[in-house]
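The values are calculated or read from the model by the stated rules, or taken from the named source; none is laboratory data. The model shown is predicted, which means the values in this text are computed figures rather than measured ones. Quick reminder, even Gly has a Cβ in these numbers, built from the backbone with ideal geometry, and neighbours come from all protein chains shown.
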Amino acid sequence: MENIPYSAFLDIVVTKAGPKQAEGYLRFRPELTDMLGHMTGGAYNSLGDAVAGACARATGDMYVTQNCSLQYYVSTEKEDGVLLCRANVRHRGSRTCIIAVELLHEDGTVAADGQFSYSKI
């Protein structure tokens, strides 16, 4: 949906992006793992930022990431297959957009959640 080289490099797919909600996913790949074979926190963060950022920009305005905070609950391993992301706008003001994210396994297990803030440029 968006042509962002970093997201494309990671194979992040944004499947839905509207001004209030967005969704996307990242397939498990060995290149995205740590020394234990779990998907890295950086991959979680990148997925959340890509999906939330697509939601922020769905109005046609340009935004850049200002801040983020994620809480990690469970690891994503090869057996989990895909890490899903759902993003919901909490606040859209004249200069900032705050978006909550939830990262889940396909079975519905919450792997992480948090919040991203974006500044309109």
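Among the criteria (1) within 10 Å of the chain's Cα centre (by Cα); (2) part of a loop (DSSP other than H, G, I, E, B), the one Val51 does not fulfil is (2). Determine whether Asp113 is buried (at least 20 other Cβ atoms within 10 Å of the Cβ), of a type in the set (D, E, K, R) and modelled with pLDDT of 95 or more. Here the answer is no, as Asp113 does not meet what is asked. On the stretch given as the stretch 75-111, residues that are small (Gly, Ala, Ser), outside any loop (DSSP other than H, G, I, E, B) and under 27 Å from Asp61 (Cβ atoms) total 2. For the stretch 82-94, the count of residues that are of a type outside the set (Phe, Trp, Tyr), at positive phi and touching a residue at least 12 places away in the same chain (Cβ under 8 Å) is zero. Please tell me if Tyr6 is of a type in the set (Phe, Trp, Tyr), within 12 Å of the chain's Cα centre (by Cα) and part of a helix (DSSP H, G or I). Against the criterion (of a type in the set (Phe, Trp, Tyr), within 12 Å of the chain's Cα centre (by Cα) and part of a helix (DSSP H, G or I)), Tyr6 does not qualify.
If the condition is being in contact (Cβ under 8 Å) with a residue 40 or more places away in the chain, of a type in the set (Gly, Ala, Ser) and farther than 20 Å from Phe9 by Cβ, then the stretch 38-80 contributes Ala56, Ala58, Ser69. Being in contact with a Ser or Thr (Cβ under 7 Å, 6 or more places away or on another chain), at pLDDT 95 or above, surrounded by 14 or more Cβ atoms within 10 Å (Cβ to Cβ) and among the aromatic types (Phe, Trp, Tyr) holds for only one residue in Tyr72, Tyr44, Tyr63, and it is Tyr63.
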